[in-house]
Amino acid sequence: MANDSLSKAKEAKNDEFYTQYHDIEKEISAYLEYNPDVFRGKTVLLPCDDPEWSNFTKYFAQNFEIFGLKRLISTSYAPESKRYKLGYQPSLFETSAPHYDADKSKTHGKIFVLDHDVTGDGRINVEDLQWQYLEGDGDFRSEEIRALRDQADLIITNPPFSLFREFLAWIVEADKQFVIIGNMNAITYKEVFPLIKENKVWLGNGFQGGNAFFRVAIGKDYSDGVYDEQTGLVKFRNCCWFTNLDHGRRHQPLQLMTMADNLKFSRHKEIKGKNSYIHYENYDAIEVPYTDAIPSDYDGKMGVPISFLDKYCPEQFEIMGMCENGDLYNLKTKVYTSQECKQAYLEKFGKPGTYDLNASGVIIKNGIKEKVYQRILIRKKQ
């Protein structure tokens, strides 16, 4: 149900999800543990944000001196430019400013900047944030925000789910370091997977227990059944952090059993008690439906679920490609004809149709051809 909600949110252009402070703290701590100076002397840009309410802004502003930041920039999107008009409620911080303009606050984005001690208390923190109106509405695609991107060293935010591909491309275009939240299914996007394969993008430290809880603007009308009335949060299971900042967990090898031990002791019924792993009919590779069932002593190619990337150690495995996006076509050992696809559909579903066997790894199960879920082909580093 949670996955369904996230998909519906994306389809409906529902982008009003606010990240919790402790989730930001947990994620950023992983990069600091790996490199305590990762933010030192850097300019951090937090776009697609609402600085008055955002926990990203609060977190980095409160830790400005501890992290050794050079500058913090946060921008917001004009309320009238959002697809969902939720009824804009300005904060006291905004209305108390001498340059506050009620009409302009609806049509213009805002920029918050932190780079020096404004209050004179000898510290640089959230109390020293200064803001002004942007010339435009704050859309990250505008020249105004693009210029801020080019000034920054790091871009960190929870971007609109509906614009994830475009937002990541916007970052990659400028060759910036980043930490952003997205749908795990983004791994399969043709614009994203090549970056993962080439070790230019990887998954971050992750949400606690794989559960992401967000504050939402209008509760259950957005969350479609996963909204908690008591906490005011909506839960998603398929959210993750995407980044090109290194962290220690990324370099921890998976502790795995041998193939023989998996076949004898695996907790998965698809593996335990079988004589061998299933071999694909159209790839010279074995099907490994669970990450913890990867055999430690197998040197050949293996098809693993996309969730493997959450445990991927680049020193342990090589990513060869993804069966579903066509970049492994040269590794196919069989290409199915149109007639074979139609026959396979009839055998599996009992009615006329076309089973696109060439778009996936194929196994034989009970004498019938069956496509597996999205798989990444990997092999052990030699």
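The values are calculated or read from the model by the stated rules, or taken from the named source; none is laboratory data. Note that the structure is a prediction, hence the values are computed from the model and not measured. Glycine also receives a Cβ, built like all others from the backbone with ideal geometry; neighbour counts cover every protein chain displayed.
Exactly one condition in (1) at pLDDT below 95; (2) more than 30 Å from residue 193 (Cα to Cα) is not met by residue 138; state its number.
(2)
State yes or no: is residue 209 small (Gly, Ala, Ser) and assigned to a loop (DSSP other than H, G, I, E, B)?
Considered against the rule, which asks whether it is small (Gly, Ala, Ser) and assigned to a loop (DSSP other than H, G, I, E, B), residue 209 comes out as no.
Considering only the stretch 358-373, how many residues are in a strand (DSSP E or B) and in contact with a helix residue (DSSP H, G or I) (Cβ under 8 Å, 6 or more places away or on another chain)?
The number of residues fulfilling the criteria is 4.
Mind counting the residues in the stretch 324-357 that are under 21 Å from residue 188 (Cα atoms), in contact with a strand residue (DSSP E or B) (Cβ under 8 Å, 6 or more places away or on another chain) and not in a strand (DSSP E or B)?
Result for the stretch 324-357: 7.
Across the stretch 350-369, what is the number of residues that are surrounded by fewer than 18 Cβ atoms within 10 Å (Cβ to Cβ), at pLDDT below 95 and at negative phi?
Total satisfying the criteria: 3.
Could you give me the residue pairs with C-beta distances under 6 Å whose first residue belongs to the stretch 286-313 and is on the phi < 0 side of the Ramachandran plot, whose second residue is acidic (Asp, Glu) and in a strand (DSSP E or B) wherever it lies, and which are 6+ apart or on separate chains?
Between residues of the stretch 286-313 that are on the phi < 0 side of the Ramachandran plot and residues that are acidic (Asp, Glu) and in a strand (DSSP E or B), the close pairs are 303/287.
Among residues belonging to the stretch 119-178 that are assigned to a strand (DSSP E or B) and of a type outside the set (S, T, N, Q), point out the one that is surrounded by the most Cβ atoms within 10 Å (Cβ to Cβ).
156
Per-residue answers, yes or no, for (1) farther than 25 Å from residue 17 by Cβ; (2) more than 27 Å from the chain's Cα centre (by Cα); (3) of a type outside the set (Lys, Arg):
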site	(1), (2), (3)
68	yes, no, yes
99	yes, yes, yes
120	yes, yes, yes
145	no, no, yes
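Tell me, which residue of the stretch 61-113 that is touching a Cys at 6+ places or on another chain (Cβ under 9 Å) and in a strand (DSSP E or B) is modelled with the lowest pLDDT?
76
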